[in-house]
Amino acid sequence: AAVAALGLLPLGKTRSPESLLDIAARKVAEKWPFQRVEERFERIPEPVQRRIVYWSFPRSEREICMYSSFNTGAEDPAAPGGGGT
């Protein structure tokens, strides 16, 4: 209530602190691809795996668009579906 009174959060809106699992999973996802994590560690509990995978995906619409449009700029007409004759 004191934080809301200071105008930092809207009235009726409170946030709980992030869990240690989420913080750790986010930091791992920022540094390493999930495949490398799987190769490096023999046993990773399923809840930990799920959170790392969750944080591995981009959050903003801009990042999603950037990662979803892999255009190398060079088209190979001989490649399957490349438009070769």
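Every number in this text was worked out from the coordinates using simple rules, so none of it is lab data. All values derive from a computational prediction rather than experimental measurement.
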### Summary
Calc'd 3J(HN,Hα), region 57-68, phi into Karplus 6.51 cos²θ - 1.76 cosθ + 1.60 (θ = phi - 60°), Hz, glycine/Pro = x, comes to 8, x, 9, 8, 4, 4, 5, 4, 4, 4, 6, 8
### Rounded to whole Hz, the Karplus (6.51, -1.76, 1.60) HN-Hα couplings of region 29-36, x for glycine and proline
4, 5, 9, 10, x, 4, 4, 5
### Message
If you split all Cα-Cα distances of region 20-68 into 5 Å bins from zero, what percentages do you get per bin, shortest first?
### Response
5, 21, 28, 24, 12, 7, 3
